[in-house]
Every structure is written in structure tokens, then in C-alpha cells.
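Just below is one structure, and these are the notes that go with it.
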Amino acid sequence: MSSIVAIVGRPNVGKSTFFNRLIQRREAIVDAVSGVTRDRHYGKSDWNGKEFSLIDTGGYVKGSDDVFEEEIDKQVVLAIEEADAIIFMVDVEAGVTGMDEDVATLLRKVRKPVFLVVNKVDNGKREEDAVEFYSLGLGNYYTIASINGSGTGDLLDALVEAFPEKETIEENEEEALPRFAVVGRPNAGKSSFINALIGEDRYIVTDIAGTTRDAIDTKYNRFGFDFNLVDTAGIRKKSKVKEDLEFYSVMRSVRAIEHCDVCLLVLDATRGFDGQVQNIFWLAERNRKGVVVLVNKWDLVEKDHKTTKEFEKVIRKQMEPFTDVPIVFISVLTKQRIFKAIETAVEVYKNRTKKIKTSELNDTLLPIIEHYPPPAYKGKFVKIKYIMQLPTPQPQFAFFCNLPQYIRDPYKRFLENKLRDIYDFKGVPISVYMRKK
């Protein structure tokens, strides 16, 4: 489970530059096409072998500075609630501003690690100027220049040091159960879906408060299978629905998705697979989680015999290239197919934890590869000699060959599709790696 770090601060202090710097440190994030949270304000990074997720709160604020004044408090409050550690960035050129003082007032009450970071410090004079930030009452500060990265090493050392230890007490037995997170944009019917399941039968064992204060875990048994259902809708209704719902639901989903095995992505049939739903879908795919798409409110859609097929086609088109995902049309109101949804999630979970014997992989796939070898590249022929599944929580396969660097993406996709056809990995992202024999 990676920790979540939120970067807060007023506009133009260099939050995004710093954010981009950190996530580019990981070569893994090259799939900008997925457009996770459209403007890419969510990413993963690691330091000293500790992985963490980064959220740049600045990216969600639209409009002018005065609109920002009221927004920033909401952003910071939300970041404080959801993150494990907070980076509060200020700008040495501007000095301490009123807005910085407002944020500092909020942060002084927090029981989580807060790192005051003074940006744009690239010479001795500015190092001296930074002293005035002691007045914010947040203790020591870190001076960095996010444009060239100086000073970030010390900050990151302290940051990963402050993360909570992974082995927390409650995780032991509860974490052993598979976790299904119900995610989606606000008002798609997430809570109603869970209530329909729970009200419908008496299989419930216990209600335990989940890892986030208001994502509630419900231990549930169905088809002779125990699992935890995580409701990300949250029990505290926000006083004003006018708040930045997009940011709010993305924040909530990030935490739920990172800590689950299968995401049940609920979408409103009357709104379709829109931008925010796609963000959450790519977030799940990026984190290599199982996915089941539930199209809710299907009772409200006028249908003929072709409607379902057409609707499904549109959704799959928007999911490309990861289209091997089960789509279930449900209506929480009429309880139509809600158990089919859970049954499908259980299947996806089994697919995600499936382990295939090395001998079987080689016996099945090597003859296929011989028939369709990788295309020659620059006159060099690639020979794949051996295949194995890696011992990871989700399906990852290593193909050992003489020239791994010459295997292109289309061929990797071909191998992935073969694995899917033969072994049924419906709903689960697969990783294919080429390794030197």
C-alpha cells in the first residue's frame, strides 16, 4: 500500500513543476495517453525503495485568484483529510503572503506530518530570505529549487521517513480478505448499490470502519465467498454539494482504488462513460486492479434489442486498449442484476490471483510464438526461449529472449491477447515484460 502525499499551496509557487519532477523520476509512467485525472495531477513516485502517490491539489482550481481564495481552504481541508503527509509549498520571491498564513493556520492543527517547502531558492541570498517563513509557526522548513531539483533529496529523505509503517495492527486478518471498492462519480448510485446488496440478504457479518475514516468496509459473504465491500461515497454528507466534486471524488477514489483488489466502477447510464468516469477507470488500470463496469439506472434508458450492444460498444471504444473488461447493466432501484455484478467481481478477483504453471505456459505459448515469431528488426531475429509468470499480486509475465530491446509494443499486445484468450484474464490488466535470457 503506498502512502498518499498531497502538495498544497497558493497558485504559482511551483507545485506542478515539483510534482512533474517527482513523477518523472519513475520510468514507469510513460502512459500519458491514459490521461489519468485529465490534467495529470495524480502520479506515483518512489524514493529509497518506498513508493508513494502524489496529488497536486493546485491543478483542480479553475478561475481567477479571488475564486481561488475560497477554493484553497476546501482543497487544503480535503487534502489534510485524505493524505498521509502534506507538502506545503511557498515561494521565497513573494515572501510570506496572507494566503500562506491562512493555509498555515489550517495546517498547524493537523496531526499528520507537514513539510514546509520554500521553493525558488537557488542562491545564498535567497537562502537567507527564507528565514522569514519561520513566522508561519510550522517549525523547520526545506529549501528547494524545483526547476533544477536542488534540495529535493533532503526533503524526500525526510518525507519517506515520516510515512506510517505498513504493518498496522488492523490489517492482519481483515486485509487477508479480498477488497472490492465501489467507485464512480457522485450520484451514480454507489451507496444505493451497496444498500441494495445489504438490505437484500442477511449475509452481512460485521461492519468495520475502513482504512479511511469514511470509506466504510462491510464484510460480506456471497456465493460461499467472504470479502470486504468498500463504499467510497463516504458517510458524512458534505454540507455544500457546490464544493469541487470532481476533485473530491477523485481524491476519494485514489485511496479506495490503491487499497482494493477489484474496482466496481458504477456509472450513470443517463450520463454515459464521461470524462470523470474515464479518469477513475484509468486510475484503476494504472494501479493494475481488477475492474468491473456497472452501468446503473439502466431502467431509465429507452431500449430496443440493440441498445445494450450499442452502449457497450461505445464504452469499449473509450477504454482502448484495455477492453477486456466485463460490463454489467444494472438497476439498483429494481435490484436488476445486482448479484450478477458481485458474481462478476468475484470472477475478476479469481482471474487477478490466478497463477499458471511455468511448464504449462511454455507448452502452450512457445508453439504459438514459433508460428508467429516477433518481426525481424534491423535484420535481427528475436528468439523467445522461455516464459514464466512473476510472483506478483497481479498477473505479470516475463518472456526471456535474446534481443528484448527489439520487441515492439504491437507484438507485446499480441502476446497479451493470446494470454487473455487462453487463460481468461477478463477484467484484469496484464503486464508483459521482455527479459534477456
Hey, any hits in the range 134-152 for a residue that's modelled with pLDDT under 90, among the small types (Gly, Ala, Ser), surrounded by fewer than 17 Cβ atoms within 10 Å (Cβ to Cβ) and part of a helix (DSSP H, G or I)?
no
Among the residues of the range 86-100, is any β-branched (Val, Ile, Thr), at pLDDT below 85, outside any helix (DSSP H, G or I) and over 23 Å from the mean Cα position of the chain (by Cα)?
no
In the range 261-286, anything among the acidic types (Asp, Glu) and open to solvent by 20 Å² or more (accessible area, probe 1.4 Å) is listed as Asp261, Asp274, Glu285
Scope the range 291-336; condition of a type in the set (D, E, K, R) and touching a residue at least 12 places away in the same chain (Cβ under 8 Å); matching residues:
Lys297, Asp299, Glu312, Asp324, Lys335
Can you find, within the range 287-335, the residue that is surrounded by the most Cβ atoms within 10 Å (Cβ to Cβ) among those that are farther than 24 Å from Asp261 by Cβ and of a type in the set (Phe, Trp, Tyr)?
Trp298
Among the numbered criteria (1) small (Gly, Ala, Ser); (2) part of a loop (DSSP other than H, G, I, E, B); (3) more than 29 Å from Phe180 (Cβ to Cβ), which one does Ser359 miss?
(2)
Which condition number in (1) farther than 24 Å from Trp298 by Cα; (2) modelled with pLDDT of 80 or more; (3) among the acidic types (Asp, Glu) is the one that Asp268 fails?
(1)
Hey, does the range 337-350 have a residue that's under 21 Å from the mean Cα position of the chain (by Cα), assigned to a loop (DSSP other than H, G, I, E, B) and hydrophobic (A, V, I, L, M, F, W, C)?
no
For the range 371-386, which positions are without any contact (Cβ under 8 Å) to a residue 24 or more places away in the chain and open to solvent by 100 Å² or more (accessible area, probe 1.4 Å)?
His371, Phe381, Lys383
Taking the condition within 25 Å of Pro326 (Cβ to Cβ) and either under 32 Å from the mean Cα position of the chain (by Cα) or hydrophobic (A, V, I, L, M, F, W, C) (or both), does Leu365 pass?
yes
Do you know which residues across the range 420-437 are in a helix (DSSP H, G or I) and in contact (Cβ under 8 Å) with a residue 24 or more places away in the chain?
Arg420, Ile422, Tyr423
Restricting attention to the range 394-413, and to residues there that are touching a helix residue (DSSP H, G or I) at 6+ places or on another chain (Cβ under 8 Å) and assigned to a loop (DSSP other than H, G, I, E, B), which single residue is least open to solvent (accessible area, probe 1.4 Å)?
Pro395
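The values are calculated or read from the model by the stated rules, or taken from the named source; none is laboratory data. Every value quoted in this text rests on a predicted model; they were computed, and no experiment measured them. Neighbour counts run over all protein chains shown; Cβ positions are idealised from the backbone, glycine included. Accessible surface is based on the protein model in full, side chains and every heavy atom, while ligands, DNA and RNA are left aside. Shrake-Rupley method; radii C 1.70, N 1.55, O 1.52, S 1.80 Å.
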